[in-house]
Structure formats: C-alpha cells, structure tokens
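To keep things clear, I will list the structure first and then write my remarks on it.
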Amino acid sequence: MKTLLCLSAFFLVFLVNCNVTDSGNDLTLGNRSYTWSVDTLYSPPGGWVYNIWGSNPDDVWAVVGTGNETLWRFDGIEWEPWPERVASGLYSIFGFDEDNVWAGGQNGLMYHFDGETWELSYKYEKENYSIEGINDIWGLSPTNFYAIGTAYSPSDNMQIHGFLIHYNGSNWTELYFAEYDIQFQRLRGNHNDLFIRGTKLDYSGVTPDTVIIYKYNSGKINEFLSRTSDQPGSLDLNTIDYGVLILEGFNVYRVEQSSLESVLHLNEDTLVYGVSGRSSSDLFINTINGMYHYNGVNKKPLLQIPNDMPNNVFRNLIFKEEIFFSVIDFNSGTNLIFQGTLNDKE
C-alpha cells in the first residue's frame, strides 16, 4: 500500500546504512526539497527488511531475514513479493545492473539473479564451523566483488567469527577468516582498499562492546578505527562519490589515501547513528531525534516520524534524484519503504 506524505519532515529513531548508485559530482549544493511517499511491506511473522538495492528507481529489491516473503521487488509503481520463495532468510543484496544481482542469506548461501530467475550459486562452508549468514556484499565490478558474514564453532563456546570472501567472475575464494571473536557487519571500499565494520560483543555485561573498522589490502587486515559502546557517538561506514565515508563520534570524514579528510563536525547534543549522501554538500544525517540534511551550508530536518512509533532504519538507497529508506515499524509489525523524489526547486 502506497501513501503520499504531505509533511516536509518525519522523525526517526534508527540505525542507517547506505548504498549509493549515482555519483553526486554534478551537485554543487544539495537540494533538500523532496516529495515523499511510503509503501508498506508485510512479511509475517516478524519478517524485517535487512537491505535494499536497485539498478535504478524503477527496479529496486528488498531482502527480508525471515517470514513468508523474503524477497520483494519495486517496479517504479508498486512493491510486490517475488512469486517464488528463493530462500528462508536473506540479509544482503547488491548488484551491477538489472540482470546481475546477488543476494546473501542464511547458512552462507549466495543467490544470483540473471534478469529472469534466482538460482542458488554458492555456499560458503568452513570445516568445524556453522555458518550463520552473509551479512553484506559490495564490489567494483561483476568480476571483482566481496561478501562478509559470520560463523561460529560449537567447540569454542559459540564464539562468533567474521569471514571475507571474494568473487572473480568465476569462483568464490576465502580471503580472510577471523580466529578471534568478531561479527563482520558492513563492507565498503574504494579502488585501493577494502573496509570492514565489525563488532566485538561483550556477553558478560562487564565491559562495553567495541565497534571496529578494519582495512583489508593484499591479504592483510589491520585495525583502522575503533570505538567502544560507552563512548558518545557512533562508528559507521558508507560510500560517497565512489569513495569511503566514515562517521567517528560526531565527525564525518572521507578516506583519502588511507588518511582521514574532515568533511563535517556535528553537534554533540544529539546522538548520531550514521551519515550517507551523494557528495560532501548533499549529506543525510541520521540521529536519535530524526533525519537531517546537510546541503554544504547548513543542517535542517528532512524526515519526521511520530515519536510514539518505535522504529529502526537498516538500509537506504540513493539515486541521483530519488532516495529510498527502509524503516521497521515495530508497532504494526510491518516494514515501511519511504521514497523521496527531488523537486525541481527548493
């Protein structure tokens, strides 16, 4: 069901990650005038949207971790569940065009879409380990992309291990398997380096969890940034203008030749969860109080949702003139997909 929103802003409480499909180099000052609509995706029981990806605004996919419908498609007019049940649960999706899309799911399973059908293409396996799922997929070309996920071993108290695999156009290869306790959650990169965001969980409740961004290059993985859960602010990873965007606390950086170049400092009176955008002057800032937009000059509210609606945004998708945001509505047990279309003028 699609609803047109007449409000200029909607408030959210969420955690966001982003896929950018168009460079924003032609935008000198970010436009924040959008017309909004919202669709409801219901995949009972408790099927939450984990990720969205699209080749263009008229061809967008959403994957669901569990429920009756775990794969949805938007054709520019409406969202519909895929007629066949591809998998019992899907966590990640990424592609290169409408005829070449990959989805990662439970048990290390990778599925491929050729424009007509979805087929099981690969299963990641590790001796003496149980594979939980493929958490994220990202890459530069159909013959050079990556996936990350998590595994555990019953022999080491169910400790979680992250892994990284690579596809060269013909075969999948394991590049890295963490022998320590880490959950790999987010994957992005540039032409030189690959970055992985992971979390070390503290199960005792004595010490805080630690979020870490690793840099992977030529078979080696090194800690790039880290932040404990008791520190104010967040540590998030995105892409922008085909480069890497990092939020550390209340500071937004671009990665330039493995160093951090400052983009924006945010007010510390609001908890910031994530930053994404088309360019450094067209940023979407996700806070505990709502979503804001930075146009290169100032920051103003963009979307607003009622404060009594518990919700969580997992993923967004940004095109040149349209944006999609995935929101979980815990009150009604549904997924909301907000679609914003840029107006010609502010």
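The values are calculated or read from the model by the stated rules, or taken from the named source; none is laboratory data. Just so you know, these numbers come straight off a predicted model, no measurement behind them. Note: ideal-geometry Cβ built from the backbone for every residue, glycine included; neighbour counts use all protein chains shown. Note: accessible area is taken over every heavy atom of the protein model, side chains too, but ligands, DNA and RNA are not part of it. Shrake-Rupley method; radii C 1.70, N 1.55, O 1.52, S 1.80 Å.
Here the range 186-204 is the region considered, the condition is being polar (S, T, N, Q) and either farther than 14 Å from F145 by Cβ or at pLDDT 95 or above (or both), and the residue that is least open to solvent (accessible area, probe 1.4 Å) is T199. If the condition is being free of Cβ contacts under 8 Å to residues at least 40 places away in the same chain and in contact with an Asp or Glu (Cβ under 9 Å, 6 or more places away or on another chain), then the range 59-68 contributes only D59. Could you list, in sequence order, the residues of the range 113-141 that are within 18 Å of L175 (Cα to Cα), open to solvent by less than 60 Å² (accessible area, probe 1.4 Å) and not hydroxyl-bearing (S, T, Y)? Answer for the range 113-141, where residues must be within 18 Å of L175 (Cα to Cα), open to solvent by less than 60 Å² (accessible area, probe 1.4 Å) and not hydroxyl-bearing (S, T, Y): K126, I131, G133, I134, N135, D136, I137, W138, G139.
Given the options N331, N307, N316, name the one that is at pLDDT below 90 and buried (at least 20 other Cβ atoms within 10 Å of the Cβ).
Values: N331 fails: buried (at least 20 other Cβ atoms within 10 Å of the Cβ); N307 fails: buried (at least 20 other Cβ atoms within 10 Å of the Cβ).
So the residue among N331, N307, N316 that is at pLDDT below 90 and buried (at least 20 other Cβ atoms within 10 Å of the Cβ) is N316.
Out of all the residues in the range 185-213, which are of a type in the set (F, W, Y) and over 22 Å from G249 (Cβ atoms)? If the condition is that a residue be of a type in the set (F, W, Y) and over 22 Å from G249 (Cβ atoms), then Y203 is the only one that fits. Of the strands (runs of 3 or more DSSP E) lying entirely inside the range 176-278, those containing at least 2 residues that are in contact (Cβ under 8 Å) with a residue 12 or more places away in the chain and among the charged types (D, E, K, R) are 183-189, 194-200, 251-256.
Can you confirm whether the range 46-56 contains a residue that is farther than 22 Å from R186 by Cβ and either in contact with a helix residue (DSSP H, G or I) (Cβ under 7 Å, 6 or more places away or on another chain) or free of Cβ contacts under 8 Å to residues at least 24 places away in the same chain (or both)?
The initial filter retains those residues of the range 46-56 that are farther than 22 Å from R186 by Cβ, namely 46, 56.
Retained after the next criterion (residues that are either in contact with a helix residue (DSSP H, G or I) (Cβ under 7 Å, 6 or more places away or on another chain) or free of Cβ contacts under 8 Å to residues at least 24 places away in the same chain (or both)): none.
Within the range 46-56, none of the residues are farther than 22 Å from R186 by Cβ and either in contact with a helix residue (DSSP H, G or I) (Cβ under 7 Å, 6 or more places away or on another chain) or free of Cβ contacts under 8 Å to residues at least 24 places away in the same chain (or both).
Checking each residue in the range 86-99 for being open to solvent by 30 Å² or more (accessible area, probe 1.4 Å) and part of a strand (DSSP E or B) picks out Y91, F96, D97. Quick check, is Y146 open to solvent by less than 50 Å² (accessible area, probe 1.4 Å), hydroxyl-bearing (S, T, Y), outside any loop (DSSP other than H, G, I, E, B) and farther than 24 Å from F96 by Cα? Criteria not met by Y146. S155 falls short on exactly one of the conditions (1) more than 29 Å from I337 (Cβ to Cβ); (2) open to solvent by 60 Å² or more (accessible area, probe 1.4 Å); (3) assigned to a loop (DSSP other than H, G, I, E, B); (4) not hydrophobic (A, V, I, L, M, F, W, C), and that condition is (3).
In the list V263, V297, V244, V255, which residue meets the criterion of being modelled with pLDDT of 85 or more, within 24 Å of R188 (Cβ to Cβ), open to solvent by 30 Å² or more (accessible area, probe 1.4 Å) and of a type in the set (A, V, I, L, M, F, W, C)? When all the criteria are applied, what remains is V263. Of the residues making up the range 29-43, those that are over 23 Å from D136 (Cα atoms) and either open to solvent by less than 40 Å² (accessible area, probe 1.4 Å) or not in a strand (DSSP E or B) (or both) are L29, G30, N31, R32, S33, Y34, W36, S37, V38, D39. In the range 54-63, the condition of being modelled with pLDDT of 95 or more, open to solvent by less than 10 Å² (accessible area, probe 1.4 Å) and assigned to a loop (DSSP other than H, G, I, E, B) is met by no residue.
Within the range 158-175, restricting attention to residues that are outside any strand (DSSP E or B) and open to solvent by 60 Å² or more (accessible area, probe 1.4 Å), which residue is nearest to S226 (Cα to Cα)?
Among those residues, the one meeting the criterion is M158.
Assessment of the range 276-291 against the conditions (at pLDDT 90 or above, surrounded by fewer than 19 Cβ atoms within 10 Å (Cβ to Cβ) and more than 17 Å from L245 (Cα to Cα)) yields no matching residue.
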